[in-house]
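As structure tokens, the structure follows; a few thoughts come after it.
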Amino acid sequence: MPTVTLTVDGKQVSVPKGTTVLEAAWKAGAFVPTLCHDPELTKPGACRICVVEVKGARNLVASCVTDAVEGMVVETATPAVVEARKTILELLLDNHPEDCLTCHQAGDCKLQDYAYFYNVKPGAFGGEAHKYDLEDDNLFIVRNMNKCILCGKCLRACEEKQGRAVIDFAYRGFKTKVTTAMDKPLADSVCVSCGSCVAICPTGALTEKAMLGKARKWEIEKVRTTCPFCGVGCNFDLNVHQGKVLGVTSNAASPTNGRDMCVKGRFGVDYVHNPNRLTTPLIKKNGQFVESSWEEALDLVASKLGEIKGKYGSDSIAALSSARCTNEDNFVMQKFMRAGIGTNNVDHCART
Amino acid sequence: MSTLQQMRSGIEESYKEKQNRARIVVGLGTCGIAAGGNKVMEAIKSEVATKGLDVDIDFTSCIGMCFAEPVVEISLPGQSSVIYGGVFPDSVAKLIDGHLVAKTPVTEMAQIQIPRDASPYEGIPVMDKSGYYAKQVRSVTSRLGRTNPESIEDYIATGGYAAIEKAISMERLDIVNEVKKSGLRGRGGGGFPTGTKWQFVHDAAGSKKYIVCNADEGDPGAFMDRSVLEGDPHAVLEGMMVAGYAIGADEGIIYCRAEYPLAIKRLNLAIEKAEELGLMGDNILGSGFNFKIRIKAGAGAFVCGEETALLNSIEGKRGMPRVRPPFPAHKGLWQKPTCLNNVETFANIPFIIRNGGDWYAAMGTEKSKGSKVFCLTGKINQTGLCEVPMGITMGEILNDIAGGVLGGKKFKAVQSGGPSGGCLPTDKLDLPIDYDSLISAGAMMGSGGLVFMDEDTCMVDVAKFFLNFTQLESCGKCTPCREGTKRLLEILERICVGAGVPEDIDTLERLAKVIKSSALCALGQTAPNPVMTTLRYFRDEYEAHIIDKKCPAGLCAELLTFTILKDKCVGCGVCIKACPAEAISGEKKAAHVIDAAKCIKCGACVPKCKFDAIAKA
Ligand SMILES: Cc1cc2nc3c(=O)[nH]c(=O)nc-3n(C[C@H](O)[C@H](O)[C@H](O)COP(=O)(O)O)c2cc1C
Ligand code: SF4
Ligand code: SF4
Ligand code: SF4
Ligand code: SF4
Ligand code: SF4
Ligand code: SF4
Ligand code: FES
């Protein structure tokens, strides 16, 4: 592949042709912030936080949408660049609630991180800020459009990854807002609650309802697992706090699904701590289910299976298991049926 | 001989005959209609009918003298055509009796005459020699107000469709080179060399290419493109066809704002007529060249004038600018190579092809060739449309064409380039108008709107007006423009009500600099220009607002105080009645006083006082 060599902050770096200045700068070890850029989505070049100076260019250049070309001379931290980035952050913060104290996103928020890095404080211009009502009509998602920085990642994820295009920009100028068609509640839209928008939002504008107020981002332990719901085999991170599963966050490194998930996987693991779940075996005695020990239950099943097999043969027995069980469990189940019982009568709920 | 050539001689013959009959022509552009042109037309028809006169009645579009609308032209065979201004239904009889019956022009209503064989009438300025047109050229506007825009015959008789006829016998690249040679630069604002753009699209790979005409014209105070579309729609179509042939496109789209219904109607009619005569459609003039044009009505967002937002809008998407590069020349409409030009740019093409690039390049300055159409508005005596050679000075436009400042007031500034442009002060009146001089002065050519302001204008207020516009029209995509223009506006609003602080000037300058250098599209990049130029040329006015809490122009109400001058007030009490806030009191025949706490600064009392006793400062 043809490469180009450019200079970033005085350092030479070679990258494949077609690489953006942003990626080249990162490769050269430079710090360049981004808000609207996402490697998996189309690039709008909208937030302008990634501007750099390119020798010979009339204006600052948005590095995420500019191709690196041979001999380019890039500076990522000149006074003009820093002034622009700080001003852009000031502009964003001026129209943003000062809510890092109770915001669920705190600790994992790009706006917060960059404000810290550039030491930018809120209130630089003291102008009008949006006062939208909190939108929590959707079962799983809370939208706080006051925290939205209009990076547009959510709507691109919705359109480009999910093929839904449920949300888009509406209105103009300062009143611009990400809305559903006709600015209706999410619950009344064609949203399928896949949560892709939540997963990609760089701020606390979109959050998982179930996790709100449960734990700070840095207290959460992430445990990678495979989705128990269907056969696709999506990987994601269980968000665990004090031994409890609070919810799920997708992980871009998941081999099958990346950050994409369906509503069940992303928002359906609350069954883990559901009080209606069975945790001990039940045996029906005199028409009533009665709790029993594992020993008693397994003994009963073993004797009954042996009885039936002896009387009617192996093929009179079939096993049906759940796709919610792990692959390992299901493997053991079929092995038991074939080797132990001697039949191929195995099936499970998600076969069709 | 082609079908067109066969048609042409007949058409030219009857056009000449038509011109040689007694004629009344009413100006029915949007400005003429708004001024009452349709009623004048009815009055003329009934007057002619009752008098049983043998006279042709026709209509045309705006000739440029919007200040004189409704405009009516009357001519007798062989005699000068006289254009009358301010013709209302009640003056129709007088005009017809005088000019047509008694054969003596009504000099006091005459604006201008266009001489023919006979010597000109006495006492009426001759077009091109004196009056409104003395410093003008009539090139791209030559048919405006002179031909019937709904008649393809008028167009053909005045050289129309000769350019496409010539073009299809030329090599494609020779057409591109001819346009290059003309030096024509885009008239939509950016001033990009048109020939170079055509070359890019010509060279771009791909079999499907598009021609797009930008007729979105959204600047406040600009109506050049509307006037051209209403007055010479075929020229725009022909320009697009030539472009299509040159770069290899078979489809053209005109993106016209829906607020221009007359332009859209005349364009549709023109397309229909051209198709009927085989001048558009398949196998044009037997050349094998196919070209179709359709119109897309835009919903009136200023940002949709930006070329990539316009393309998004045609594609049915939200009108938001795209990142460039890729430029439309490479990836435009539906990602295909697209040649996108402004209305006036396309309208110039037939003239350039017919007369040659050198002819066009002979007009204008070294780097800005040809002529440019401007719209003159604001505090001037003659508002309207004019076409001038590039390089003319702002002062010549103000004094010789616009007729100077209204009411004998002093000139203060002129805003060139609309909301993206800048305010130029008196000492820039000798600035030659060309792309580069205007930019170096902090303004820009823009699409050609010139708003003149007099001494009573507050420059902070002007900056506020334009920022309010850009802030509302920002598409909201990028942070510096969406949030930054809002903050610029808020600071200006603050200054205008006396709540400004000295640091505000620094904040304005810093914000302006960042928005200019980091916004995504030219809307944002140029939005701070009105603030930057007023700060550059009228900084003292900002300081007066912020430090002295005074508006030197006496316009910002919150900064005014109304006081009654004791030595002048005779205590007549008239002002008490005028005051809506009951702020004035006083004994009869004793000096009155204004209670500052009650005064709402409406200014109603000032003109009522016959003794000039109420001071506003
Ligand atoms: C905010 C904005 C509004 C614009 N509006 C118009 C317009 O109304 N008409 C126009 O021809 N060009 C407009 N332009 C310029 C176009 O983007 C483009 O440069 C032009 O149409 C190209 O044609 P030209 O080369 O013939 O000038 C606008 C640009 C911006 C940034
Ligand atoms: S979204 Fe980020 S910056 Fe905003 S309140 Fe939450 S943590 Fe703070
Ligand atoms: S939850 Fe999924 S479908 Fe709904 S808006 Fe977000 S991305 Fe679109
Ligand atoms: S909701 Fe989040 S992802 Fe969507 S535009 Fe706002 S900040 Fe960006
Ligand atoms: S500069 Fe303004 S109009 Fe242009 S893309 Fe940015 S927000 Fe939209
Ligand atoms: S109108 Fe003039 S003169 Fe009469 S009372 Fe008022 S200020 Fe005095
Ligand atoms: S300016 Fe208006 S409110 Fe004030 S005193 Fe005069 S009339 Fe009354
Ligand atoms: S990250 Fe480059 S413009 Fe947003």
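The values are calculated or read from the model by the stated rules, or taken from the named source; none is laboratory data. Given the structure is predicted, the values throughout are model-derived calculations rather than measurements. So basically every Cβ, Gly included, is an ideal-geometry build from the backbone, and we count neighbours across all protein chains shown. Accessible surface is based on the protein model in full, side chains and every heavy atom, while ligands, DNA and RNA are left aside. Shrake-Rupley method; radii C 1.70, N 1.55, O 1.52, S 1.80 Å.
The loop-placed trypsin sites (Lys or Arg not before Pro) in the range B:307-396, going by DSSP, that have at most 12 neighbouring Cβ atoms within 10 Å of their Cβ come out as B:LYS317.
Just the number, please: buried accessible area between B and A, total of both chains, 1.4 angstrom probe, nearest 100 square angstrom. The buried area between B and A, both sides summed, comes to about 2700 Å². Projecting the Cα positions of A:GLY152, B:VAL531, B:TRP359 onto the charge dipole of the protein assembly as shown (unit charges on Cβ atoms of Lys, Arg, Asp and Glu, taken about the Cα centre) puts A:GLY152 furthest along the positive direction.
Going by Cα centres, the range A:6-59 and the range A:292-326 are how many Å apart? Rounded to whole Å, the Cα centres lie 62 Å apart.
From the Kirkwood radius over Cα pairs of the range B:252-407, Stokes-Einstein at 20 °C and 1.002 mPa s returns a whole-number translational diffusion coefficient of 115 µm²/s.
Candidate cross-link partners of B:LYS103 among the lysines, defined by an alpha-carbon separation under 20 Å and a same-chain spacing of 8 or more, comprise B:LYS18, B:LYS45, B:LYS51, B:LYS94. Our summary gives the range B:488-617 a relative contact order of 22 percent, counting only alpha carbon pairs under 8 angstrom and 6 or more residues apart. Quick one, could you list the DSSP H helices from chain A stretching 15 Å or more along their long axis (Cα atoms) with average Kyte-Doolittle hydropathy of -0.5 or above? Going by DSSP H runs, the hits are A:79-94, A:294-312.
Between A:GLN12 and A:ASN274, the FRET efficiency from the beta-carbon distance, with R0 = 41 Å, is close to 0.10.
Evaluated with a Cβ-only charge set (Lys, Arg +1; Asp, Glu -1), the protein assembly as shown carries a dipole of roughly 1480 debye about its Cα centre, given to the nearest 20. Rg over Rh for the range A:3-77 works out to 0.92, using Cα positions for both radii and the Kirkwood form for Rh. Computed from the Kirkwood radius of its Cα pairs, the Stokes-Einstein diffusion coefficient for the range B:324-454 at 20 °C and 1.002 mPa s stands at 134 µm²/s. Only Cα pairs under 8 Å and 6+ residues apart enter the sum, and on that basis the relative contact order of chain B stands at 11 percent.
Toward the positive end of the charge dipole of the protein assembly as shown, with +1 on the Cβ of Lys and Arg and -1 on the Cβ of Asp and Glu, the farthest Cα among A:GLY126, A:ASN330, A:CYS197 is that of A:ASN330. Each of A:ALA297, B:ALA222, A:PHE267 was placed along the dipole of the protein assembly as shown (beta-carbon charges, centred on the mean Cα), and the one lying farthest toward the positive end is A:ALA297. Could you tell me how many degrees, from 0 to 90 and to the nearest 10, lie between the Cα long axis of helix B:37-51 and the main elongation axis, the longest principal axis, of the Cα atoms of chain B? It is inclined by approximately 60 degrees. Computed from Cα positions, the angle between helix B:194-203 and the longest principal axis of chain B comes to roughly 50 degrees.
Rolling a 1.4 Å probe across all protein chains gives A:ASP329 an accessible area of roughly 90 Å².
Using the Cα gyration tensor of the range B:168-285, with a ≥ b ≥ c the square roots of its eigenvalues, what is the shape: rounded (a/c below 1.5), prolate (a/b larger than b/c) or oblate (neither)? Cα axes put the range B:168-285 in the oblate bin. Each Lys and Arg contributes +1 and each Asp and Glu -1, all at the Cβ; summed about the Cα centre of the range B:310-395, the dipole is approximately 460 debye. Compactness of chain A was expressed as the Cα radius of gyration divided by 2.2 N^0.38 Å, which yields 1.32. Protein heavy-atom surface of the range B:15-129, 1.4 angstrom probe: 54% of the accessible area is carbon and sulfur, with nucleic acids and ligands not counted. From the cross-link list B:LYS409/B:LYS608; B:LYS379/B:LYS550; B:LYS379/B:LYS464; A:LYS17/B:LYS336; A:LYS184/B:LYS292, which pairs have alpha carbons spaced over 29 Å apart? Beyond 29 Å between Cα atoms: A:LYS184/B:LYS292.
Over the Cα atoms of chain B, each weighted equally, I'd like the Debye log10 I(q)/I(0) at q = 0.05, 0.07, 0.08, 0.11 Å⁻¹, rounded to two decimals. Summing over Cα pairs of chain B leads to -0.26, -0.50, -0.64, -1.10. Pairing the Cα long axis of helix B:172-182 with the longest principal axis of chain B, what angle in degrees results, from 0 to 90 and rounded to the nearest 10? For helix B:172-182, the angle is close to 40 degrees. Can you classify the range B:420-492 as rounded, prolate or oblate using the Cα gyration tensor, where a ≥ b ≥ c are the square roots of its eigenvalues, rounded means a/c under 1.5, and otherwise it's prolate if a/b beats b/c and oblate if not? Oblate is the answer for the range B:420-492, as a/c is 1.5 or above yet b/c matches or exceeds a/b.
Normalised per residue, the accessible area of the range B:152-361 is 32 Å², obtained with a 1.4 Å probe and no contribution from ligands, DNA or RNA. Rg/Rh, computed from the Cα trace of the protein assembly as shown with Rh as the Kirkwood radius, has the value 1.10. What is the range B:1-139 by shape, rounded, prolate or oblate, if you read a ≥ b ≥ c off the alpha carbon gyration tensor as root eigenvalues and call it rounded for a/c under 1.5, prolate for a/b larger than b/c, and oblate otherwise? Rounded. The charge dipole of the range B:459-548, taken about its Cα centre with unit charges on the Cβ of Lys, Arg, Asp and Glu (plus for the first two, minus for the last two), comes to roughly 520 debye.
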